[in-house]
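J.: Sharing a structure here in structure tokens format.
Laboratory data are not the source of any read-out in this text; all were calculated from the coordinates shown. All values derive from a computational prediction rather than experimental measurement. Here the Cβ is made from the backbone with ideal geometry for all residues, glycine too, and neighbour counts use every protein chain on show.
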Amino acid sequence: MTSLLRPPPKSSPELDANWLRELLVIQKNTNMRHVISLLIENEAGALSRVSGLFSARGYNIESLTVAPTEDTSLSRMTIVTSGSDDVVEQITKQLNKLVEVVKVVDLSESAHIERELMLVKVRATGKDREEMKRMAEIFRGRIIDVTDASYVIELTGTQAKLDSFVGAIDSGLILETVRSGICGIGRGDRVLKV
Amino acid sequence: MVITGAEIVIRCLQEEKVDYLFGYPGGAVLYIYDELFKQDKVRHVLVRHEQAAIHAADGYARSTEKVGVALVTSGPGATNAVTGIATAYCDSIPLVIISGQVPSAAIGQDAFQEVDTVGITRPCVKHNFLVRDVRDIAETIKKAFYLAKTGRPGPVLVDIPKDITAQKCEFAYPETVSMRSYNPVVKGHHGQIKKALQLLLEAKRPMVYAGGGVVLGDAADKLTALVRKLGFPCTNTLMGLGAYPATDRQFVGMLGMHGNYEANMGMHYCDVLLAVGARFDDRVIGNPAHFSSEPRKIIHIDIDPSSISKRVKVDVPIVGDVGEVLGELLALLDNTAEKPEPQSLGVWWKQIEEWRRRDCLKFNQGEEGLIKPQFVVQKLWEVTGGDAFVTSDVGQHQMWAAQYYKFDKPRRWVNSGGLGTMGFGLPAAMGVQLAHPGSPVACITGEGSIQMNIQELSTCKQFRLPIKVILLNNGFLGMVRQWQELFHGNRYSESYMDALPDFSRLAEAYGHVGIKVDKPGDVEGALREAFKQKNDLVFMDFQVDPTENVYPMVKGGQGLTDMILSAEDL
Ligand SMILES: Cc1cc2nc3c(=O)[nH]c(=O)nc-3n(C[C@H](O)[C@H](O)[C@H](O)COP(=O)(O)OP(=O)(O)OC[C@H]3O[C@@H](n4cnc5c(N)ncnc54)[C@H](O)[C@@H]3O)c2cc1C
Ligand SMILES: Cc1ncc(C[n+]2csc(CCOP(=O)(O)OP(=O)(O)O)c2C)c(N)n1
């Protein structure tokens, strides 16, 4: 009778190692970046339900942005996270499970646009003053505050563009940077609305 | 009519047909208690610790199809309730908890007895609310009940600042609730259900694995009908016990860490697995890599999409209510001439019977010597005709209760599976007994666990609850001792229970009947005597073998088929 079955596999160190590895993969997985966008009831505490979910379950948050939409009863969030397909599937399921969440989409599943805003305060004296102005122009940034020693440059673009601007200017001249985190929207007909 | 917030709270509970409210008063809920005093529809049960209020409401809910309700004050009242709330959350039990909060203007001022109750409970509730306006009370409570019992059930907390319970407004209880953000799926996808049926009909080595979801969804009848019609073997999780009659031949017992040999082997070697309202817990499937090493097709019915493909990838996911989905499966089965192929099913059953012959739950009770804990549970089952409500605490006694009390009906077995909360058993039994006056209710416990909420013996006296406490007293935190014996070289670090009280006399001091039993020959007589006492709580202190371990056992991280069946296997 037992011949019908394969002999019971004893757990081996190898299996255990696989299991451990799998666990580690699940916890640490950073292989795919996802941009998740959601609509949530604009109520006190809603943000902490989302951020609490990520920390409690050990999911990564690279950035999170939130603000009310044109319908002020709703807020829209964009969350940049990373994980394996399984993890991201759980993230979207868990987000959907939150009672105040109305809709969730993984924008990175298809064509979409991402934008981030950065404000950079740089030292602008002597020859650096002209150089900074030039760099801002090259990156299509705008200088929105001027003193005799500094500029504040406003720059919008993808994460990569902002990164390369920061990389392109002399790091010694950067006094301060602030970034908004990413806003995302689907291309074409894809609309996230109730 | 214009009434106060406190009266609105009580009127809402009346509208929800709440008969028992478990609670403990304090400053922030005084207006609510004042309104309770003025009416007699909602009966208040005064516990001796807020944790017990939540467990009692929880026991009430688990043993009925209703929502359990509790009321606590702000600050320490709320924090004491947290363990109870988390216990209910981990087992998906529908509760509504009303907590008092400091007055609105004092919130955030580090006021006396102020804690951020909504913040503290957020990770262990299905949802919670802070009411900011007296006009929102009725709608919020309506939503709380609706959220607690629909979809995947769970505890919902409503935090109400004191000033709001004193303010007045017009009262009208909403008839219906609709929330654009919350629409649980009830009906399963028809195409998926058809696919599932096809797989089941083609199965050669099928297995049905049913969990707490079948109990929560009140679908035990449908599950039983389906399993019988198909002629398949069926196993239950710890939370699912009673979802399929345990005395039926097709039942192969509980599975998992302390599951039956035949259940675990069947689970591992089946070629088609029908998982119903069960969530592939780590105490159930053991090492997931080992579990996946055997190819099989998995059908998974669950109302919560996040339970599906969380730990084990499934082939046919069906999101929906168990009752609905099983009903549809049954209807499809009725309308097809196809049947599972009898020959391979026969071969599979022969294999299962061979596994069953290992008789993995056998134990030796000598006529003399120490009482075996298993023997007490077996006798309890016999004496109560298998028809009692049984609550339990957490530890070895819990596993013996699950293994040796054969539950034929759902909602008879009440225990904390997900959180594993010691101290759950006695207060839960209070809720069960209030919900089923006149029915036998037993609380199986250990001398460690019972001391975590022993003060509730006083509540039992006040409300004349004739619970039968079955203490399997082994003088150890037995489950901890077992792990230390098996995995920590017999170093019994802090697992010996020293300075134990004389429990039977302690029970007597509370005004109950206490019995101490230390001979195997006295076990049955004592139980019979106890269950004859219809009006009294009887506390039975069984002095059991302190060295007994729970078998079978799958060690953490190992595969389901690597079972230690008895001490001889070590
Ligand atoms: C000391 C100790 C030892 C333990 N040993 C074991 C053991 O050996 N074996 C064992 O099985 N467990 C054991 N447990 C319990 C274990 O930890 C889990 O609590 C348990 O296995 C989970 O049971 P479940 O899968 O039935 O899920 P539950 O926690 O009961 O979850 C129910 C599932 O059903 C779903 N559901 C709810 N309502 C519906 C509905 N209407 N329709 C459809 N789906 C629905 C939910 O979404 C959820 O996925 C032990 C616990 C302790 C404390
Ligand atoms: C509140 C709480 N604290 C600690 C534990 C860890 N724990 C699990 S079982 C157990 C021992 C239980 O002892 P007892 O109630 O005497 O039961 P026995 O195992 O001896 O039957 C402990 C300490 C727990 N589950 N709950």
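J.: Estimate the FRET efficiency between B:Lys409 and B:Ile3 by the formula 1/(1 + (r/R0)^6), using the beta-carbon distance for r and 51 Å for R0, to the nearest 0.05.
T.: 0.75
J.: Roughly how many debye, to the nearest 20, is the charge dipole of the protein assembly as shown about its Cα centre, given +1 on each Lys and Arg Cβ, -1 on each Asp and Glu Cβ, and no other charges?
T.: 1160
J.: Ok, one more. So what J values fall out for the range B:456-461 if you push phi through Karplus, 6.51 cos²θ - 1.76 cosθ + 1.60 with θ = phi - 60°, rounded to Hz, Gly and Pro as x?
T.: Each residue of the range B:456-461 in turn: 6, 4, 5, 4, 4, 5 Hz.
J.: Put +1 on the Cβ of every Lys and Arg and -1 on every Asp and Glu Cβ in chain B; which of B:Gln51, B:Gly213, B:Gln455 then has its Cα farthest towards the positive end of the dipole?
T.: Checking the options against the dipole of chain B, the answer is B:Gly213.
J.: Also, I was wondering about something else. Could you work out the helix-only [θ] at 222 nm for the protein assembly as shown, with each DSSP H run of four or more residues adding -39,500 (n - 2.57) and the total divided by the number of residues, to the nearest 500 deg cm²/dmol?
T.: Taking each H run of at least 4 residues, the total per residue is -11000 deg cm²/dmol.
J.: Evaluate E = 1/(1 + (r/R0)^6) for B:Ser293 and B:Arg358, where r is the Cβ-Cβ distance and R0 equals 22 Å; express this FRET efficiency to the nearest 0.05.
T.: With a Förster radius of 22 Å, E is 0.50.
J.: To check my understanding: the extent here is largest minus smallest coordinate of the Cα atoms along each principal axis. What are those three numbers for the range B:373-550, in Å, largest first?
T.: Per principal axis, max minus min of the Cα coordinates gives 48, 36, 35 Å.
J.: Given points 7 Å out from each Cα along the Cα-Cβ axis, report the B:Asp116 to B:Thr64 separation in nanometres with one decimal.
T.: 3.6
J.: On to the next question. Using 7 Å Cα-to-Cβ label points, what is the A:Arg140/B:Lys532 separation (nm, one decimal)?
T.: Label-label distance for A:Arg140 and B:Lys532, simple model: 9.2 nm.
J.: With the crude spin-label approximation of a point 7 Å out along Cα→Cβ, what separation in nm comes out for B:Tyr492 versus B:Lys194?
T.: 6.3
J.: What full-extension length gain, to one decimal in nm, is calculated for B:Asp502 and B:Asp522 as 0.36 nm per residue of separation minus the Cα-Cα distance?
T.: 5.3 nm
J.: Quick one: of the DSSP bridges fully inside chain B, what percent are antiparallel, nearest 5?
T.: Approximately 10 percent, going by the DSSP bridge assignments.
J.: List the residues of the range A:66-107 whose backbone N lies under 12 Å from a point placed 7 Å from the Cα of A:Ser51 along the Cα-to-Cβ direction.
T.: A:66
J.: Any chance you could run the full-extension gain for B:Ser439 through B:Ser178? It's 0.36 nm times the residue separation minus the Cα-Cα distance, nm to one decimal.
T.: 90.2 nm
J.: If the reach is capped at under 24 angstrom between alpha carbons, list the lysines near B:Lys41, excluding any in the same chain fewer than eight residues apart.
T.: Straight-line reach from B:Lys41, under 24 Å: B:Lys17, B:Lys66, B:Lys142, B:Lys143, B:Lys149, B:Lys162, B:Lys168, B:Lys461.
J.: Follow-up question, since we're still on this one. Between the range B:145-218 and the range B:15-41, what is the C-alpha centre distance in whole Å?
T.: The distance from the Cα centre of the range B:145-218 to that of the range B:15-41 comes to 27 Å.
J.: Quick one: what are the phi-derived ³J(HN,Hα) couplings along the range A:56-64, Karplus 6.51/-1.76/1.60 with θ = phi - 60°, whole Hz, x for glycine and proline?
T.: With coefficients 6.51, -1.76 and 1.60, one gets 5, 9, x, 7, 7, 10, 8, 8, 9 Hz.
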